[in-house]
Amino acid sequence: MEERSRIVLLAAAVRLAIAPFFMHAGDVGTIYESSIMTLKGLNIYDFVYAKTIQMQNATGLPVFFEGYAYHPLLIYFFAPFYWLFTVIAGTGPVMIDGHYPSVPVLIYPWTPLLLVMLKIPIILADLLVVYLLAGMDTRKAKIYAFCPYVIFIGVVWGMFDALVGLFLLASYLVSSRNNFLSGLFYGLSLLKLYTVVLLPLYVIRLFGRWKAFAEFMGGLTLTLLPVAYYLVVSPVSVWNVLVTFQGTRLMGGVNLYNFIWIVQDLPFDLAVSMIPNIFLVIALYYLITKFGRKAPLLESILAIMFAYFLFGKVINEQFLVSIFPLILLSRECDYRVWVAPFVFIFLRSPFYYFMLPILWTSPVFYGYYLQADDVWRQLQAVGYLQIPMYAVGVTFSLLIFWNLIRVVDATRGVIVSATEVSEPN
Amino acid sequence: MTVYFVVYIVALSFVPLIHDTLLAQSRWLGYGTGAYQYQNQNYFILFNDPYDGSSKPHIHVNPGFAPAARISLLEFSDWTSWLNDHNLFNEFNVTIRASPQVLDVAYSRPEIVIHKYVEASSESVKVTLQSEKEFTAHLELWRWVMTSINGISIADTTKPLVITPTTLIEFTFEDERLQSVGRGRILLSAMPSQVEIWPHEKGFNRITIDFVNSMMSLTVSGSMEAVGTPSPTWNYALLPYVLPIVAVTVVALYLLVVKYGRTFKNRATRRSS
């Protein structure tokens, strides 16, 4: 068996062995709930918006229900697998009330099967990334295939940033050969919206090459049709969920901004959360005008995504997966940057966020779970966890900054030498 | 560029401290998914615990000798309180609105709307229940634990005890961590129909108050005094002071690694070549 296939099969085996037993209740719960609604033909955005209005009315605060706030296409990656699950297990409830802080009720024996089914798109995305990387460098493919961080995000938590990573990688790989496909894959990478910061880069690179530009935009537009449909069908809901919620989120995550979590004053927090936006716009403008057209595409994408990781308001633990394949392809970047978000997971997440199903199988395990969760909450309440969380957040931002500087320096060198070649005198 | 960025990190790390000292005092602040808090020189009040919806409100006292410490004084529990025989937590629609000084919590059912107003001053915290119609109330106020209530200690009773109805309830408590004793008092605006105290191991953990009225206010106050010499203790309220230190430390380590790490690497490379 050739090594490429062996790596892919091993990566699949590791993931399938873990997938049935763990989950992030909030995110898997959202996908489960949204898959059910999609199969019933219900409007997911109307549901999320209604919940938000209900919460805002009850609390008098600008709070949002954290449900399905993604590209409409995303759910169509999962809903077919949920449908397959219902063919086997029926349509009875398997996970009841999984939204934080409610602890979900899980129905056995179907929970492990549901988890495997809902994680299949993520596992397939991971395997395709491994396959593509192995075609270029088997060492890099192995790093991705067996990186504890990537495995944790995909099959322990069940988060789908691997899909974003796959499509971003694909968009980059085909960009020199097929602009339509590049645009299509880039459009699909918007499943989680944050790669939208790359759009000005693609536009400026293709600006003036009108045929290539039209092809790229054609591919991209195709993926945006579902958004347009929902904007026509329920404009208020879609605007609230995709724009207002995502645009006015409270800053924080694995970054230098998570200090805001200890400032318990939501209107103030939201006002301060606008500060990084200003720097993000400045950084994007600088990087795109300085390097956008001249620098290699890989380094340009990474530089912009690094700028987003530095000045984007919300950088959750899983976001790095989306650019991890590209980081592996770049000679300038240090891929070990994954360690920081991986450590952060264990500092930030209550027990509610992982290990659930395996501990839910017996009242004894469940008792242990509740005791452990209680200890975690006490540590959280007195503020012991906030200090290492902040330290890790700042460290991650600095590591990203270091990588950004390396990419920019190297790119500057490429641009200078290219200019010297074209202008020998 | 590096200098600008590390200055940015350090500057932002002071935001919690600036907020805490300049903006957070003596006004209601909302956060999370519907929690509210109020802090003044003497009291810290939490309303609607973000984890489980308890604490409505939970009044803490800040001892003069340890201002950052938040010592539980009294918790009003919606989980275990009833208005017109309906549980406050589960059987009412609740909406919260805050002005800087007053938190207005409206409990509504088809037949009645009852407001719970929470107001704090430097002397006390006033919790008022008010409706346009008369209502029956069974309120439960918790603390783990009160060593005595209106002069009655755990030595006097091992069973729940109905005490003489009164508009003034005084209790004492201890805090081992701060080696201190505390006093609390609850002043009622009208005579209740029944007051009952509930023993639990080393003291009383609950006071239940029953009344029929269209308005009742409970004015809660408390104070603490050190008995021994309390050792310095960590508290959540100290976090705003710690984060700038963390930021400076991490940034300094980064700068050291970038500077000397590269020099060390260059030396190692030269030696090996």
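Quick notes
- Flag if B:Leu255 is within 14 Å of chain A (Cβ to nearest Cβ), under 24 Å from B:Arg177 (Cα atoms), touching a residue at least 40 places away in the same chain (Cβ under 8 Å) and not basic (Lys, Arg): no
Matching residues to (1) in contact with an Asp or Glu (Cβ under 9 Å, 6 or more places away or on another chain); (2) surrounded by fewer than 19 Cβ atoms within 10 Å (Cβ to Cβ); (3) hydrophobic (A, V, I, L, M, F, W, C); (4) assigned to a helix (DSSP H, G or I):
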site: A:Tyr230; (1), (2), (3), (4): no, no, no, yes
site: A:Asp269; (1), (2), (3), (4): no, no, no, yes
site: A:Ile282; (1), (2), (3), (4): no, yes, yes, yes
site: A:Ile288; (1), (2), (3), (4): no, no, yes, yes
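- Just one of the listed residues (A:Ser322, A:Ser300) is of a type in the set (Ser, Thr, Tyr) and touching an Asp or Glu at 6+ places or on another chain (Cβ under 7 Å), namely A:Ser322.
- Verdict on A:Ile107 being within 14 Å of chain B (Cβ to nearest Cβ) and either aromatic (Phe, Trp, Tyr) or free of Cβ contacts under 8 Å to residues at least 60 places away in the same chain (or both): no
- Among the residues of segment B:10-26, those that are within 10 Å of chain A (Cβ to nearest Cβ) and not hydrophobic (A, V, I, L, M, F, W, C) comprise B:Ser13, B:Pro16, B:His19, B:Asp20.
- Among the residues of segment A:386-414, those that are more than 10 Å from every other protein chain (Cβ to nearest Cβ), at pLDDT below 95 and surrounded by 16 or more Cβ atoms within 10 Å (Cβ to Cβ) comprise A:Arg406, A:Val407, A:Ala410, A:Thr411.
- Some residue of segment B:86-97 being more than 17 Å from the chain's Cα centre (by Cα), farther than 25 Å from B:Ser214 by Cβ and touching a residue at least 12 places away in the same chain (Cβ under 8 Å): no
Matching residues to (1) of a type in the set (Lys, Arg); (2) within 14 Å of chain A (Cβ to nearest Cβ); (3) closer than 27 Å to B:Asn40 by Cα:
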residue: B:Val94; (1), (2), (3): no, yes, yes
residue: B:Leu103; (1), (2), (3): no, yes, yes
residue: B:Ala120; (1), (2), (3): no, no, yes
residue: B:Ser124; (1), (2), (3): no, no, yes
residue: B:Thr128; (1), (2), (3): no, no, yes
residue: B:Ser131; (1), (2), (3): no, no, no
residue: B:Ala137; (1), (2), (3): no, no, no
residue: B:Arg143; (1), (2), (3): yes, no, yes
residue: B:Thr147; (1), (2), (3): no, no, yes
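- Tallying residues that are within 11 Å of the chain's Cα centre (by Cα) and part of a loop (DSSP other than H, G, I, E, B) within segment A:159-177 yields 2.
- Taking the listed residues B:Leu103, B:Leu139, the one that is aliphatic (A, V, I, L, M) and under 19 Å from B:Ser214 (Cβ atoms) is B:Leu139, with no other qualifying.
- If the condition is being out of contact with any Pro (no Cβ under 6 Å at 6 or more places or on another chain), among the hydrophobic types (A, V, I, L, M, F, W, C) and either part of a loop (DSSP other than H, G, I, E, B) or within 14 Å of chain A (Cβ to nearest Cβ) (or both), then segment B:105-118 contributes B:Val105, B:Ala106.
- Matching residues, segment B:127-163, being free of Cβ contacts under 8 Å to residues at least 40 places away in the same chain and either outside the structural domain of B:Leu83 (by TED's automatic domain parsing) or closer than 27 Å to B:Ile114 by Cβ (or both): B:Pro160, B:Val162, B:Ile163
- Considered as a group, the residues in segment A:29-85 that are of a type in the set (S, T, N, Q) and either within 19 Å of the chain's Cα centre (by Cα) or crowded, with 18+ Cβ neighbours inside 10 Å (or both) include one that is farthest from A:Ser189 (Cα to Cα), and that residue is A:Thr59.
- Candidates B:Pro16, B:Pro57, filtered to the one that is modelled with pLDDT of 95 or more, of a type outside the set (A, V, I, L, M, F, W, C) and touching a helix residue (DSSP H, G or I) at 6+ places or on another chain (Cβ under 9 Å): B:Pro16
- Selection within segment A:247-267: residues that are surrounded by fewer than 17 Cβ atoms within 10 Å (Cβ to Cβ) and assigned to a helix (DSSP H, G or I). The member of this set that is farthest from the other protein chains (Cβ to nearest Cβ) is A:Gly247.
- Close pairs from segment A:265-284: first of a type in the set (Gly, Ala, Ser), partner part of a helix (DSSP H, G or I), Cβ under 6 Å, at least 6 apart: A:Ala283/A:Ala307; A:Ala283/A:Phe311
- From the options A:Phe21, A:Phe47, A:Phe78, residue that is of a type in the set (Phe, Trp, Tyr) and without any contact (Cβ under 8 Å) to a residue 24 or more places away in the chain: A:Phe47
- Exactly one residue out of A:Ala283, A:Ala295 is in contact with a helix residue (DSSP H, G or I) (Cβ under 9 Å, 6 or more places away or on another chain), over 18 Å from B:Phe14 (Cα atoms) and within 11 Å of chain B (Cβ to nearest Cβ), and it is A:Ala283.
- Of all residues in segment A:196-215, exactly one satisfies the criterion of being among the β-branched types (Val, Ile, Thr) and either more than 27 Å from the chain's Cα centre (by Cα) or closer than 17 Å to A:Phe180 by Cβ (or both), namely A:Val203.
- Neighbours by Cβ (under 7 Å, 6+ apart or cross-chain): first from segment A:163-179, farther than 16 Å from A:Ala125 by Cβ; second buried (at least 22 other Cβ atoms within 10 Å of the Cβ) and modelled with pLDDT of 95 or more: A:Val174/A:Ser182; A:Val174/A:Phe185; A:Ser175/A:Ser182; A:Asn179/A:Phe216
The values are calculated or read from the model by the stated rules, or taken from the named source; none is laboratory data. A quick note: this is a predicted structure, and the numbers were derived from the prediction, not measured. A quick note on method: Cβ atoms are made from the backbone with ideal geometry, for glycine too, and the neighbour counts reach across all protein chains shown.
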